[in-house]
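Taking it in order: structure first as structure tokens, then the write-up.
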Amino acid sequence: MNFSSKLLEDAVNEFSKLPGVGQKTALRLVLHLLNKEEQEVSNFGNSIIKLRQEIRHCAVCHNISDHLHCEICTANKRDKEVICVVEDTRDVMAVENTSQYFGVYHVLGGLISPMDGIGPADLFIDSLVQRVATSPVKEIILALSATMEGDTTLFYLYKRLKDFQIPITAIARGIAFGGELEYADEITLGRSIITRVPYENSLIK
């Protein structure tokens, strides 16, 4: 792609680094910004810079937060004794959009994937075990994507948590194998949470 401006080229190259954004889409976005008022573009840029500089992760559940503890962990109406374990913040948002879950969360920060060099030590698994060991918990819901990595992580978590004698459930497989949780529609995901089953039922005896 030939550019008439080095500034334009640099901006397009940066936008094209975003997931799912090719150079043509990046160029369209950059030209769109160029047609906006300077203040609008400044607000856009400053919001990204402020996000990167000031964003935090909840000290309890590791969800993205503006403060030391996120709004979900500090909400009085949430059931603190039910923990839904998810891969990342996108999955928290997906579950919240169903309006069918009223407990709290634990964000792993990824899934176990030996092919990608991601092991249990790279995720927030130890903090989950510590949380269960030191807080009253009556149920752990494993809400991970129906992928090979998701199943591997489910099994590992079950082995780490089963000795606590706490019910460990998994969302029902209304989501097709290979499906990412964040892309499931709200009705299907909500039904999967409501009809969750004991995880041990899925294990081969």
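The values are calculated or read from the model by the stated rules, or taken from the named source; none is laboratory data. Since the model is a prediction, treat every value here as computed from it, not as a measurement. Please note: Cβ atoms are built from the backbone with ideal geometry, for glycine as well, and neighbour counts cover all protein chains shown.
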* Asked: What residue, of Asp79, Asp91, Asp66, is farther than 22 Å from Ile166 by Cα, acidic (Asp, Glu) and in the same structural domain as Tyr158 (by TED's automatic domain parsing)?
  -> Asp91
* Just wondering, is there one or more residues in region 42-54 that are more than 29 Å from Lys17 (Cα to Cα) and under 19 Å from the mean Cα position of the chain (by Cα)? -> no
* Residue count for region 3-22, restricted to those that are assigned to a helix (DSSP H, G or I) and out of contact with any helix residue (DSSP H, G or I) (no Cβ under 7 Å at 6 or more places or on another chain) -> 6
* To do: Test Arg173 against the stated conditions and say whether it is of a type in the set (D, E, K, R) and modelled with pLDDT of 75 or more.
  => no
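For (1) at pLDDT 95 or above; (2) assigned by TED's automatic domain parsing to the domain that holds Ala94; (3) touching a Gly at 6+ places or on another chain (Cβ under 9 Å), each residue gets a yes or a no:
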residue: Leu111; (1), (2), (3): yes, yes, yes
residue: Leu128; (1), (2), (3): yes, yes, no
residue: Lys138; (1), (2), (3): yes, yes, no
residue: Ala143; (1), (2), (3): no, yes, no
residue: Ala146; (1), (2), (3): no, yes, yes
residue: Glu149; (1), (2), (3): no, yes, yes
* **Subset of region 23-45 (residues that are outside any helix (DSSP H, G or I) and surrounded by 11 or more Cβ atoms within 10 Å (Cβ to Cβ))** => Lys36
* To do: Kindly check whether there is at least one residue in region 117-135 that is without any contact (Cβ under 8 Å) to a residue 60 or more places away in the chain, surrounded by fewer than 22 Cβ atoms within 10 Å (Cβ to Cβ), over 15 Å from the mean Cα position of the chain (by Cα) and under 20 Å from Glu186 (Cβ atoms).
  => no
* To do: Residue by residue through region 147-160, note down the ones that are closer than 13 Å to Leu108 by Cβ and either surrounded by fewer than 15 Cβ atoms within 10 Å (Cβ to Cβ) or not β-branched (Val, Ile, Thr) (or both).
  => Glu149, Gly150, Leu154, Tyr156, Leu157, Arg160
* **Positions within region 59-83 being in contact (Cβ under 8 Å) with a residue 24 or more places away in the chain and either in a loop (DSSP other than H, G, I, E, B) or more than 18 Å from Glu96 (Cβ to Cβ) (or both), in sequence order** => Val60, Cys61, His62, Asn63, Lys77, Arg78, Glu81
